[in-house]
Amino acid sequence: MSTAKIVQVFGLLTQGPYSRLELAKRTDWCPKAVGRLLKEMKEQKLIYVIDYTNETDGRNRVKIYALGNGVDAEPKPTQPQKVRSRKSYLKKVTERKQAQIKTTFVGGKGLWQ
């Protein structure tokens, strides 16, 4: 790993808490490489998980890291599969209804608008 990139990650974490993906975007690293660095930093107790956020689909928990040797935050519960499936189904039904083109028959010549 590049020392400059490691210093860049440290610098970003001094400015505030970030997720792995946010750090990857700001450093132009791939998320996997940033994840390896964060894991190593966590093992050395340089960072800790300050919070978790759920993605919009309610499935994945995203860790938010901060510098320091604090106590890791407890993960937030994810939505049960049944709830996620129902939300996904309702979203698809709504999208289909909005996508349907409403046509009107005009006159006797078979013109549609």
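Just a few scattered comments:
- Using a simple spin-label model with pseudo-atoms 7 Å out from Cα toward Cβ, Lys87 and Lys5 lie 3.3 nm apart.
- Measuring spread by the Cα atoms of region 3-98 yields a radius of gyration and Dmax of 16.9, 53 Å.
Just so you know, all these numbers are worked out from the coordinates, no wet-lab data involved. Every value quoted in this text rests on a predicted model; they were computed, and no experiment measured them. Positions of Cβ are backbone-derived with ideal geometry, glycine not excepted, and every protein chain shown enters the neighbour counts.
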